[in-house]
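*Asks:* I'd like to ask you about the structure that follows.
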Ligand SMILES: CC(C)(COP(=O)(O)OP(=O)(O)OC[C@H]1O[C@@H](n2cnc3c(N)ncnc32)[C@H](O)[C@@H]1OP(=O)(O)O)[C@@H](O)C(=O)NCCC(=O)NCCS
């Protein structure tokens, strides 16, 4: 089972939205089938990246990405793209969903490249406007990517 506490530390150290440690422990316990963790080759205990996701209750062939993050020291090496590819293969998902804040170029590029690799179209729509959050949080735009095929 994934080490929820280590994932919490990784998320906290790398600027992801902060959630409680309990949330990560819960994910590792109950959503293990829709999460993937990347570790270094020399030390397979230390996570350097992760994706946590869930199958939409109303549409189980659609997997929604809750969080994806890669340690700053390991970025731009294809790890996040590979995490999404593994998630797609592991779950057999038909559609991938995620939300992206408008200024997060890395995240937007990650999901658009995923769509390209899997021959899928990408549609976007406003999901949560800025004023749905407490002050200081950007809007979240939903990306819907599908239908997904094997990587090209
Ligand atoms: C978003 C994030 C997960 C990407 O991780 P990564 O392992 O560096 O991503 P990859 O190396 O797989 O890159 C995927 C694509 O995005 C591009 N990309 C990655 N970071 C980028 C950046 N800062 N600016 C522009 N493009 C970027 C890569 O070049 C690659 O495209 P390519 O295939 O055309 O080369 C990482 O930047 C991160 O953890 N950010 C902080 C947390 C976050 O914002 N998560 C998303 C919201 S929950």
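All of the numbers you see were taken from the coordinates with simple rules; none came from a lab. Computed from a prediction, not measured in an experiment: that's the story for all the values here. Reconstructed Cβ throughout: ideal geometry from the backbone, glycine too, with neighbour counts over all protein chains shown.
*Asks:* Counting just the residues of the stretch 102-111 that are more than 6 Å from the ligand (Cβ to nearest atom) and under 13 Å from the mean Cα position of the chain (by Cα), which one comes out farthest from residue 148 (Cα to Cα)?
*Replies:* We begin by selecting, within the stretch 102-111, every residue more than 6 Å from the ligand (Cβ to nearest atom); these are 102-103, 108, 111.
So of that shortlist, the ones also under 13 Å from the mean Cα position of the chain (by Cα) come out as 108, 111.
On the way: 108: 17, 111: 12 Å.
The qualifying residue farthest from residue 148 (Cα to Cα) is 108.
*Asks:* Another question about this same structure. Among the residues of the stretch 64-100, how many are within 8 Å of the ligand (Cβ to nearest atom), surrounded by 15 or more Cβ atoms within 10 Å (Cβ to Cβ) and assigned to a loop (DSSP other than H, G, I, E, B)?
*Replies:* 2
*Asks:* A further question on this structure: Are there any pairs, at least 6 apart or on different chains, whose C-beta atoms fall under 9 Å, with the first in the stretch 63-84 and farther than 14 Å from residue 52 by Cα and the second within 7 Å of the ligand (Cβ to nearest atom) and part of a helix (DSSP H, G or I), and if so, which?
*Replies:* Hits for this filter: 71/79; 75/106; 76/106.
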